[in-house]
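Student: This structure is in structure tokens; I'll ask about it shortly.
The values are calculated or read from the model by the stated rules, or taken from the named source; none is laboratory data. The shown structure was predicted, so the numbers you read here are calculated from the model rather than taken from an experiment. Here the Cβ positions follow ideal geometry from the backbone for every residue, glycine too, while neighbour counts run over all protein chains shown.
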Amino acid sequence: MLLKEFVLANRRQEIFGQVSGEVTPLSELVNEVVCDLGISEKIVECEAVLVWNDVVGSSLAKNARPIRVKNRILEVAVPSAVWRTQLNFMATDIVNRINIHVGAEIIQGLRLINRQYN
């Protein structure tokens, strides 16, 4: 149910005296709208990108930047083949830590791309 439809339905209930007096938390309403729109998995994928620095630590985060999630694979930019090799050795652990951090097994692997960034 879209937010507008939800608000209209609640107003109809108020007018006709069918409201139970209970207040619905905003977080519950937002979760319902997100589910109805079918974007809940995308939100968790975005969260996986956002937690990168916390999961890998500041020194690794300086040399590897998450780009996006595509088909459950987190694409990560690294500045050189040396860093790509290092992250390949750590990939399973990083994926597990990301999934634990976001509370869902949303990431299946890393795709490491040689790309300079600022």
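Student: Looking at (1) among the small types (G, A, S); (2) surrounded by 14 or more Cβ atoms within 10 Å (Cβ to Cβ); (3) farther than 26 Å from N31 by Cβ, which is the only condition A81 fails?
Tutor: (2)
Student: Right, here's the next one. Tell me, please, whether a residue that is out of contact with any strand residue (DSSP E or B) (no Cβ under 6 Å at 6 or more places or on another chain), outside any loop (DSSP other than H, G, I, E, B) and modelled with pLDDT of 80 or more can be found in segment 4-19.
Tutor: no
Student: Residues to consider are E105, E47; find the one that is in a helix (DSSP H, G or I) and either without any contact (Cβ under 8 Å) to a residue 60 or more places away in the chain or surrounded by fewer than 17 Cβ atoms within 10 Å (Cβ to Cβ) (or both).
Tutor: After ruling out the rest, the residue left standing is E47.
Student: Then there's this: Looking at (1) exposed (fewer than 11 other Cβ atoms within 10 Å of the Cβ); (2) outside the structural domain of I100 (by TED's automatic domain parsing); (3) in a helix (DSSP H, G or I), find the lone condition where V33 falls short.
Tutor: For V33, the failing item is (1).
Student: Looking at (1) acidic (D, E); (2) modelled with pLDDT of 90 or more; (3) surrounded by 13 or more Cβ atoms within 10 Å (Cβ to Cβ), which is the one condition that is false for D54?
Tutor: (3)
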